[in-house]
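A.B. asks: Dropping the structure in here first, questions after.
The values are calculated or read from the model by the stated rules, or taken from the named source; none is laboratory data. Quick caveat, the model's predicted, so the values are computed rather than measured. Using ideal geometry, Cβ is built from the backbone for each residue, glycine included, and neighbour counts are taken over all protein chains shown. Quick note on the areas: whole protein, heavy atoms, side chains included, nothing else; ligands and nucleic acids left out. Shrake-Rupley method; radii C 1.70, N 1.55, O 1.52, S 1.80 Å.
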Amino acid sequence: MNFLKQFKKTFHISFWEAIIALAVITVFFILRYSLEQIPLPLVILGFIVGTWLAFRPSEWAVEGLNSSAKYVGLSEYVAGIFSSLASNLPEAVIAIMLLLKGQELIAVITVLSAAGFNTLILGFAILVATWKKWEIKVPTDLEKKESPLIRWAIVALLMTTVFAIIEYIHALNSEIFVLSDAQLTKPVASLLALSYVIYLVFIIGRKDGKKDKLSVSDDIEQQENNETIEKNDTKSHSQEHEKRLSKPMTILMLLMGFTGIFFGGEALTWCVEELMHGTTSVELSPIAIALILGAAGAVPEHGIAIVSAINHDIDVALGNSIGGILQSSLLIFGVLGMIISITLHPFIVLQLAAIAGVLWFVKRCIHDGKFDTFEAVMIILIQVLIF
């Protein structure tokens, strides 16, 4: 019994879930490589296996990264950013694998639709948090540390949208209009990715300024509380040490996490190929498939934002969803654009403009110091309109 509890505490899944998952994954890969005619139920099973492999192991990767951050000495906020990056890694892996297999449109829309689903989650998280209060205060970290990146993202995404419109006009003025002539060039895409990298460097290297010197009365009060503060610091340090994994377990979590994410992405891209031009009786449009993958990439992992909002942990709820939007639209989208010249499909342009609009909403909320129910509903309606 102790072993089962320890297993669940370590890997965040029950022992029996692990056994069942291992059996299903084994059956799927055996059938996949042994059957010549691929039935639709096997493709559905592939989506289930791929989703589980992409997102259960991503929790292990997050756990390993959090533990690594504690060993390196990074702040909790920076560790949270890297954890959020790890949770978005499945979408990046899936998109890159799709690119390698020639599915450019599906790859790009998968990433941006993941940002779109994160937008929906942001709206619902705010709606849940403000359902009875009507409004909530903006978290301090969001105001001080995310705000500069949000401002840049609004400008960058709007300029990318304008760039797309100019490309459309140029293509329409040609003798024969071809959508592929309207492309996001690699230098433009690289600037989007570079901006997020610069932000990471800035956050990692930034140190909070020291407080002003205390007055005499404040100093006396501080001395009276020194003993209590030291006790709290010791307790906090002890709790942090307990939460930190051992070095071998940290490495194991990272290996298991990234390996699972890779095979999950590989399974999902195989399912896409079968639906596109495989032997199954059902064929879906590229955008429909991309939306399914985008939902699989955003909802399971960032559904924690809704739970956090219900539990009044609004910092986690907003941090997860806004972080996912920024990482998908700037970093992952930019990296894809560095690999290939992205064709500016109308849905891509609409989603970029929608993200800029949502971030403008968020920026105004930060300026006002609060989120309210009306703004939550508007954020949801924007994304529903795009979808």
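A.B. asks: Can you pull out every residue in region 350-372 that is touching a strand residue (DSSP E or B) at 6+ places or on another chain (Cβ under 6 Å) and either crowded, with 19+ Cβ neighbours inside 10 Å or outside any strand (DSSP E or B) (or both)?
C.D. replies: Cys365, Phe371
A.B. asks: Would you mind finding the one in Leu4, Leu45, Leu31 that is outside any loop (DSSP other than H, G, I, E, B), closer than 22 Å to Ile289 by Cβ and more than 26 Å from the chain's Cα centre (by Cα)?
C.D. replies: Step by step, each of Leu4, Leu45, Leu31 is checked, and only Leu31 is outside any loop (DSSP other than H, G, I, E, B), closer than 22 Å to Ile289 by Cβ and more than 26 Å from the chain's Cα centre (by Cα).
A.B. asks: Of all the residues that make up region 108-138, how many are open to solvent by less than 10 Å² (accessible area, probe 1.4 Å) and either in contact with a strand residue (DSSP E or B) (Cβ under 9 Å, 6 or more places away or on another chain) or farther than 22 Å from Ala193 by Cα (or both)?
C.D. replies: Qualifying residue count for the region: 6.
A.B. asks: For residues in region 8-28 being part of a helix (DSSP H, G or I) and open to solvent by less than 40 Å² (accessible area, probe 1.4 Å), which is farthest from Gly264 (Cα to Cα)?
C.D. replies: It comes out as Thr10.
Rundown of residues vs (1) within 18 Å of Lys370 (Cβ to Cβ); (2) within 19 Å of the chain's Cα centre (by Cα), yes/no style:
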| position | (1), (2) |
| --- | --- |
| Thr119 | no, yes |
| Lys132 | yes, no |
| Ile136 | yes, no |
| Leu149 | no, yes |
| Leu158 | no, no |
| Ile166 | no, no |
| His170 | no, no |
| Ser174 | no, no |
| Gln183 | no, no |
